[in-house]
């Protein structure tokens, strides 16, 4: 289970990297969905571009990948948003488990497809890095995973049930 979460985190990180570089490179790109790129937005891209010391050519390549992949990711992100919207009435009103399970099943398939696409994009972006940049990215990801593990272990346990 932790391995899957780590892979999803790495994939999301890669998408953030690509989207932030893409956003930082042009002003003529259409505005992103809901005011943000996929992931955390442009500030993270700037961070990774600087952290990895990306060349202008690499930034352009990453931008091209993200522009190419946007039509694949946007519908998936919209499907996730719609699923959350469809669940709201069942949280606040009459509960219908059969309908909730159907929505959640579709949501699960969308999350699965998004993880597959993000992993593929992450791999494509990772291949654009030099061996030194790849090593630096792996180190960053390992440090982030270690911090997450430490955070998970330091969370207080649930109060005992009465």
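Brief remarks follow.
- Test: residue in the stretch 24-43 that is assigned to a helix (DSSP H, G or I) and at pLDDT 50 or above: yes
- Count - residues of the stretch 128-148 that are free of Cβ contacts under 8 Å to residues at least 60 places away in the same chain and either assigned to a helix (DSSP H, G or I) or on the phi > 0 side of the Ramachandran plot (or both): 10
- Across the stretch 92-101, not a single residue is classified as touching a residue at least 24 places away in the same chain (Cβ under 8 Å) and over 22 Å from residue 124 (Cβ atoms).
- Single condition residue 125 does not satisfy, out of (1) under 19 Å from residue 46 (Cα atoms); (2) loosely packed, with under 15 Cβ neighbours inside 10 Å; (3) modelled with pLDDT under 95: (2)
The values are calculated or read from the model by the stated rules, or taken from the named source; none is laboratory data. Just so we're clear, the structure is a prediction, and the values are computed from it rather than from any experiment. Here Cβ is always computed from backbone atoms with ideal geometry, including for glycine, and neighbour counts include all displayed protein chains.
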